[in-house]
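This report refers to the structure that appears directly beneath it.
What follows draws every value from the coordinates through simple rules; no lab data is involved. Everything quoted here is computed from the prediction, not taken from an experiment. Note: ideal-geometry Cβ built from the backbone for every residue, glycine included; neighbour counts use all protein chains shown.
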Amino acid sequence: MKNYSVGISGVGSFVPENILTNYDLMKMVDTSNEWIVERTGIRERRIGSKDISTSDLGTEAAKRALKDANLKPEDIDLIIVATITPDHLFPSTACIIQDNLKATNAAAMDINAACTGFVYGIVTGASFVKSGMYDRVLVIGGENLSKIIDWKDRNTCVLFGDGAGACVLERCDEGYGILSYELGSDGENRQVLIQPGGGSKIPASMESIEDNLHTLKMDGREVFKFAVRTMERTSKVALERANLQVEDIDLLIPHQANIRIIDAARKKLDLPMDRIYVNLDRYGNMSSASIPVALDEAIRDKKIKKGDNILFAGFGAGLTWGSLILKWNKEEDNV
Ligand SMILES: CC(C)(COP(=O)(O)OP(=O)(O)OC[C@H]1O[C@@H](n2cnc3c(N)ncnc32)[C@H](O)[C@@H]1OP(=O)(O)O)[C@@H](O)C(=O)NCCC(=O)NCCS
């Protein structure tokens with residue numbers, strides 16, 4: 001079994017044009033801009049139009065990542081899509097994107113680890129490259145959450161948005177790329193964040209629709225406590241596994257759910273604010289798309305350079321969590 005170093009060779013993202021502001025939401029539910037900003041940090045989010053699906057967002061992000069990596073679709077060996085809002089329960093959204101891209105040499109599969117999905121996807125894809133089984137893996141985090149939100153529930157509808165981000169994984173020079181990671185799960189607490197209807201447990205029926213079981217349900221306070229605990233703990237596990245200290249981290253790219261969660265984790269980790277990338281004010285929580293969209297923006301904002309230690313830390317439904325540390329292996333683009 002080979003043991004190659006694996007890094008990110010291309011990054012891309014795509015969000016729908018349509019912006020839904022907190023002021024727009026005030027016309028839909030009993031809320032205020034002040035409440036949403038103070039309790040979450042979110043000011044606006046992107047909402048895909050009716051005819052947009054996760055594969056559309058993911059395909060565009062993937063095209064941009066391939067361009068950034070200087071690759072053609074047929075160079076890709078495997079496509080992994082992390083999503084909780086697939087186009088269909090089956091076939092996989094990865095197969096639809098494979099067809100859209102004409103990635104004729106790629107295997108394709110979806111994974112579901114909710115908001116931790118992108119970290120799970122990178123770890124899964126990297127394992128194939130590390131072992132020498134595949135040379136190039138495309139990992140996409142894409143969500144069309146607006147389709148599963150209960151737009152009458154002010155507890156949840158203000159939090160989420162649509163978007164997609166993608167990365168290409170390839171071998172890189174030793175000492176660069178993925179240094180460590182941790183993935184975890186706690187299925188016992190699955191009820192705190194769930195879309196109950198539409199699967200084999202509660203298939204679609206007149207009753208399930210009347211009971212509104214096909215939308216996202218959340219116990220916000222429980223998720224909040226879990227998130228703060230987890231962000232700190234999983235970050236520390238990844239640091240320990242990479243034999244690094246908090247001071248060695250150049251940029252933390254956290255899952256973008258709530259500024260208060262990020263701030264609490266930041267304080268516990270004792271990391272200065274200028275070493276954390278935050279864009280949730282403009283996008284809300286895009287679940288598995290949050291980290292790759294933030295990564296793409298951080299690169300374009302020139303916040304990342306070759307040799308930087310980048311920490312991803314996420315949490316989500318399942319419950320799941322994951323962290324990953326990369327030594328950035330890509331030269332800065334001169335454009
Ligand atoms: C959802 C969340 C923002 C709520 O913030 P909070 O400070 O915990 O607020 P609470 O749940 O304690 O609710 C406080 C009050 O605000 C109300 N409220 C909830 N949403 C509101 C909204 N959009 N506008 C105005 N008031 C709202 C509640 O009904 C509650 O009123 P009550 O005291 O009369 O019952 C917060 O718990 C959170 O972010 N949780 C994590 C969610 C998350 O990250 N999910 C995705 C994980 S991947």
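Pick out, in residue order, every one of the trypsin sites (Lys or Arg not before Pro) in the range 130-209 that is DSSP loop and has at most 15 other C-beta atoms within 10 Å; say none if there are none.
When the trypsin sites (Lys or Arg not before Pro) of the range 130-209 are filtered for loop state and at most 15 Cβ neighbours within 10 Å, LYS152, LYS201 remain.
Which of the lysines could a cross-linker span from LYS130 if the Cα-Cα distance has to be under 20 Å and same-chain partners fewer than 8 positions apart are dropped?
Filter leaves LYS2, LYS327, LYS330.
With a 10 Å cut-off between alpha carbons and a GNM built on the chain, which of CYS115, CYS95, CYS167 moves the most?
CYS95
How high is the relative contact order of the range 176-236, given as a whole-number percent (alpha carbon pairs under 8 Å, six or more residues apart)?
33 percent
Run the simple label-point estimate for ASP135 and THR21 please: 7 Å along Cα→C-beta, distance reported in nm.
Inter-label distance under the simple model: 5.0 nm.
Please give every one of the aspartates and glutamates within straight-line cross-link reach of LYS50, meaning a C-alpha to C-alpha distance under 19 Å, and leave out same-chain neighbours fewer than 8 residues apart.
Within the straight-line cut-off, LYS50 pairs with GLU17, ASP24, GLU60, ASP87, GLU143, ASP150, ASP162.
Using a Gaussian network model of the chain with C-alpha springs under 10 Å, which one of GLN191, GLN98, GLN245 is most mobile by mean-square fluctuation?
Among GLN191, GLN98, GLN245, the largest GNM mean-square fluctuation belongs to GLN245.
Looking at the chain from every direction and averaging, what is the projected area of its Cα convex hull in nm²?
So the mean shadow area of the Cα hull is 16.5 nm².
Search the structure for amide H atoms under 5 Å from the amide H of LEU252, placed 1.01 Å from N in the peptide plane, and list their residues when 5 or more places away or on another chain.
Under 5 Å from the amide H of LEU252: ILE276, TYR277, LEU311.
As a check on your grasp of the helix formula, calculate [θ] at 222 nm for the chain: sum -39500 (n - 2.57) over DSSP H runs of n ≥ 4, divide by the residue count, round to the nearest 500.
About -9500 deg cm²/dmol.
With springs only between Cα atoms under 10 Å apart, run a GNM on the chain and tell me which of ASP68, ASP270, ASP135 wobbles the most.
Greatest mean-square fluctuation among the candidates belongs to ASP270.
Which whole-angstrom value gives the distance between the alpha carbon centres of the range 302-316 and the range 40-115?
After rounding, the separation between the Cα centres reads 21 Å.
Of the trypsin sites (Lys or Arg not before Pro) in the range 42-86, which ones lie in a loop per DSSP and count no more than 12 other C-beta atoms within 10 Å?
In loop regions of the range 42-86 (DSSP not H, G, I, E or B), the sparsely surrounded trypsin sites (Lys or Arg not before Pro) are LYS50.
Using the Kirkwood radius over Cα pairs, work out the Stokes-Einstein diffusion coefficient for the range 201-316 at 4 °C and 1.567 mPa s, in µm²/s as a whole number.
Diffusion coefficient, whole number: 83 µm²/s.
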